[in-house]
Amino acid sequence: MQYGEGPWRERSRLVRTWRLLRTRRPRSFTDKVRYKMLRDHRDLVVTFADKAAVRRYVAAAVGDEVLPRALAVLDDPAELRALDLPERYVVKPTHGSGAAIVVSPAAARDSVLPAAEHGWVYRHVRPSAADRDRLVAIARHWVGQLYGQGPNREWAYGLVPPRIIVEEFLASPGGGIPDDLKFFVFNGACRFIQLDAGRFGGRTQDFFDAEWQHLPMSGGPAWADPLPSRPVRLEEMIGIAERLGAETDFVRVDLYDLGERVVFGELTSYPAGGDSPFEPSSFNLVFGRPWTVPRRYR
């Protein structure tokens, strides 16, 4: 499959027209994500999706001090073999979301790299398990895949050059994998925050408003117990997120609080591909309410 293409059903004009009609008056958050996927074809959305190109956008908007250190950006996955890497690092594709190989001594002893054909996953392994040939095979699998579901859905990823980026390992103050804070920014204003913890074991997920009031909703994983306390750097992170989302109607800004610094994760225009779960379902409307979608994207 060539990048920018998709299955026949995704390229059909009839299917696209039906989707446009179905989403023309969106009210819920998930409907507005689908509205955006179908109508927002600005270059900005492609920049947000590209894990290499977005670094320039972030540096210009908030400063390069929030960026994780990039150890390499590779067009050819085979170049991974020759890299002189530390014992802690992260390997990711530039043209997708939700995939990474995290290497550090803190990984479980029995954790191993997945087979290449199942490599579009998160995996945390020790340096001794990070076989370079297997890493190259996984990276080759990544660059040969089209992320998303064609140009009528998560089309932006199909326009991102498929490359591999290697970044520094980010550690929490205790040395483990840091919590992932996701800021829902609508027209430059943060309204909701998602906190994911324990990504590689005992995962929890909690939602808050911008004042750190816990929301009685679930996106799937259990709530943390006890509930997470308000981050010391919350106002700083909200400020960063709002500056990064100032040029668009909606983007989710993922950040990490490492104690001594806040670090950028990614910008997500299409959370869960427009299928974010909400329990109770009324929160789908709550999250959609602050999002004013433009009649036409310019």
Q.
Per DSSP helix of 4 or more residues, -39500 (n - 2.57); summed, then divided by the residues of the chain. What does that give at 222 nm, rounded to the nearest 500?
A. -6500 deg cm²/dmol
Q | Volume in Å³ per residue [convex hull over Cα atoms, computed for the chain] | A | 132 Å³
Q) Residues of segment 67-87 with amide nitrogen under 18 Å from the 7 Å Cα-to-Cβ point of SER111? A) 86-87
Q | Nearest-20 debye value, the chain charge dipole, Cβ charges on Lys, Arg, Asp, Glu | A | 1520 debye
Q. When the C-alpha atoms of segment 171-298 are aligned to their principal axes, what extent does each axis show, in angstrom, from largest down?
A. 47, 32, 25
(Q) Using amide H atoms built in the peptide plane, which far-off residues or other-chain residues are under 5 Å from PHE250 H to H? (A) ASN187
Q) How would you order 290-297, 267-274, 52-59 from highest to lowest mean count of nearby Cβ atoms within 10 Å? A) 267-274, 52-59, 290-297
Q. HN-Hα J couplings of segment 111-123 from phi, Karplus 6.51/-1.76/1.60, θ = phi - 60°, integer Hz, Gly and Pro as x?
A. 6, 10, 5, x, 4, 4, 6, 10, x, 7, 9, 8, 8
Q: Would you mind classifying segment 39-110 by shape? Square roots of the alpha carbon gyration tensor eigenvalues, ordered a ≥ b ≥ c; an a/c under 1.5 is rounded, otherwise it is prolate if a/b is larger than b/c and oblate if not.
A: prolate
(Q) Going 7 Å from the Cα of ARG24 along its beta-carbon direction, which residues of segment 254-298 have the amide nitrogen within less than 14 Å of the resulting point? (A) 295-296
Q: Work out, step by step, the length gained on full extension between THR292 and HIS118: first 0.36 nm times the residue separation, then minus their alpha carbon distance; give nm to one decimal.
A: 58.8 nm
**Q.** Percentage relative contact order, the chain, counting C-alpha pairs under 8 Å, at least six apart
**A.** 23 percent
Q: Quick one: compute a quarter of the convex hull surface over the Cα atoms of segment 118-215 and quote it in nm².
A: 9.4 nm²
Q.
Which order do the peptides 75-82, 201-208 come out in when sorted by mean C-beta neighbours inside 10 angstrom, highest first?
A. 201-208, 75-82
Q. Sequence-distant or interchain residues sharing an amide H contact under 5 Å with ILE177, placed H: which?
A. SER172
Q: Can you figure out the FRET efficiency of ARG39 with TRP223, using R₀ = 25 Å and their beta-carbon distance, to the nearest 0.05?
A: 0.10
Q.
I'd like to know how segment 91-140 sits against the 2.2 N^0.38 Å rule of thumb: what's its Cα Rg over that expected value?
A. 1.04
Q: Quote to one decimal, in nm, the extra length available between ARG81 and GLU65 on full extension: 0.36 nm per residue of separation minus the C-alpha distance between them.
A: 2.9 nm
Q: Can you tell me the order of 135-145, 112-122 when each peptide is scored by its average per-residue count of other Cβ atoms within 10 angstrom, highest first?
A: 135-145, 112-122
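None of the figures in this text is laboratory data; all of them are computed from the coordinates on show. As the structure is a computational prediction, the values presented were derived from the model and not from experiment. Reconstructed Cβ throughout: ideal geometry from the backbone, glycine too, with neighbour counts over all protein chains shown.
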